[in-house]
Each structure stands twice: as C-alpha cells, then as structure tokens.
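Below: the structure, in structure tokens.
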Amino acid sequence: MPIITAKIGDPALTPVLLADMFSFRARVFSQQLGWERESDQGRDNLDDLNPVYVISLDHGRVNGCLRLLPTDGWYMLGDEFPELLWGEQPPRSPVVWEVSRFAAQEINAPCESSVQIASPDIAWELILSAMRFALNAGVETFVAVASTDVESYLKSVGLRMRRFGLGHQVMVSGCAITALKINVTASLARIDLGTLSGNQHHAAATQQRSGD
C-alpha cells in the first residue's frame, strides 16, 4: 500500500489528504480512545510546528499515520509530559525526533474501541517508512509518549528501545502511558516495503538486525 512521507506544503500532501488524515486521527484518538487532548477535528498544537507526517493509504483513503517532530523545539514528551522522564533530562537535539499520533486501522474494519494499532501490518509499514526517513535525515533516536499497548506492539516487532528514567507508567484519560527511547535501525530502513507483507516484514527485520 502507498506510504507518503511529507510536510504541509509538499505537493504529495494535498489539502484533501491532509483533511482525511485529521479525520482519521479524530476517529481514533478522540472518538474511540477518548483522549481529552485531541480535538474533534483531529488536530493539536503540535500540528502547527511543521511536522513530518507518515501516512498510509488504501485506495486513496488514510488507514494509518504517525507524526515526527525534532526535539530541539517544542514537543510532547519534553514540554507537555516531562513527568514521564522520571528525572532524566528531556532530549534537545536535531538528531532525536519524537513520534506521536501513531495509529493503524483498516478502513472497512469494524470500529474497535480503545485500539490504536488495529492493523499490525499497516503499523509495521509506517515504522519502516519512519526509519527510512530518519536514516535519510540523520536522525539517530526516536522518543515517544506511548500507551502500554503500543509499547507491547513495538516490542513484539523487535524494536530496540527502553523506557525513560524509572520506567513507570501513568494513567492519562484512562490510558496507561509511558515514555520510550527507540533506536533508529539502519537495517530496517533498507527493507523494501513493496516486496514484503505481513509476517515477512517481521522475519526480514529480525534477520537484518542480527547483522547490525
């Protein structure tokens, strides 16, 4: 399935596609998960900071997305959830970027309340595209404010990561969240999205990582 990596103003990110992405986010984060921080329009203040969006499409419709921001400016973990760092200093570096608003759901799948990653295959393709962007942009590490469900998914596909500080989790809007530091893995960025699907993605990533 097509994956687009772009900023607002890039030709690939048309106004129609941008609106569809925000609508997708509103459905997942506001309507399904009930996050108070998310507006009914699917936007928040970080969308005004020129982020990079990674968007998955199925027949022209958004079925997955994530958002990337450098940590040398305002970002969610360092400036809005610093308590999740548990005493560690917030990263402030152009080679450390934050991943946020990560979700993947099939367009025609039944609505699944409180499920951020309803389609692991879509999520995996978004991760690989984010890794490819990071490698090309000189990014070395991702950080994230993540639900423990998303953390479990990331562990299941073998990403190298750890929790910040004491590693505790807190409840926000009824959701258990924690802060993660994720290694950017060059071998993942080299996987050809067009030749693999499903469990083949994970198997290829495991094989590639063994050589890192």
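The values are calculated or read from the model by the stated rules, or taken from the named source; none is laboratory data. Since this is a predicted model, take the numbers as computed values, not measurements. A quick note on method: Cβ atoms are made from the backbone with ideal geometry, for glycine too, and the neighbour counts reach across all protein chains shown.
Contact map, region 49-72: residues that are farther than 17 Å from residue 11 by Cα paired with residues that are among the basic types (Lys, Arg) and surrounded by 21 or more Cβ atoms within 10 Å (Cβ to Cβ), Cβ distance under 8 Å, separation 6+ or inter-chain. Pairs shown: 65/25; 65/101; 66/101; 67/101. I'd like to check something: does region 38-58 contain any residue that is assigned to a loop (DSSP other than H, G, I, E, B), charged (D, E, K, R) and touching a Ser or Thr at 6+ places or on another chain (Cβ under 8 Å)? Yes: region 38-58 contains one or more residues that are assigned to a loop (DSSP other than H, G, I, E, B), charged (D, E, K, R) and touching a Ser or Thr at 6+ places or on another chain (Cβ under 8 Å). Filtering region 22-72 to residues that are of a type in the set (Gly, Ala, Ser) and in contact with a helix residue (DSSP H, G or I) (Cβ under 9 Å, 6 or more places away or on another chain) leaves 39, 42, 56, 60, 64.
Listed here are the residues, each with its yes/no results for (1) over 16 Å from the mean Cα position of the chain (by Cα); (2) among the acidic types (Asp, Glu); (3) on the phi > 0 side of the Ramachandran plot; (4) not in a strand (DSSP E or B).
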{"position": "65", "(1), (2), (3), (4)": "no, no, no, no"}
{"position": "68", "(1), (2), (3), (4)": "no, no, no, no"}
{"position": "83", "(1), (2), (3), (4)": "yes, yes, no, yes"}
{"position": "97", "(1), (2), (3), (4)": "no, no, no, no"}
{"position": "103", "(1), (2), (3), (4)": "no, no, no, no"}
{"position": "126", "(1), (2), (3), (4)": "no, no, no, yes"}
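The set of residues in region 141-155 being over 19 Å from residue 172 (Cα atoms) and either polar (S, T, N, Q) or modelled with pLDDT of 95 or more (or both) consists of 141, 142. Taking the numbered list (1) closer than 21 Å to residue 127 by Cα; (2) free of Cβ contacts under 8 Å to residues at least 40 places away in the same chain; (3) surrounded by fewer than 18 Cβ atoms within 10 Å (Cβ to Cβ); (4) of a type in the set (A, V, I, L, M, F, W, C) in turn, residue 6 passes all entries but (2). Count of region 147-168 residues, restricted to those that are surrounded by 17 or more Cβ atoms within 10 Å (Cβ to Cβ), free of Cβ contacts under 8 Å to residues at least 60 places away in the same chain and in a loop (DSSP other than H, G, I, E, B), is 1.
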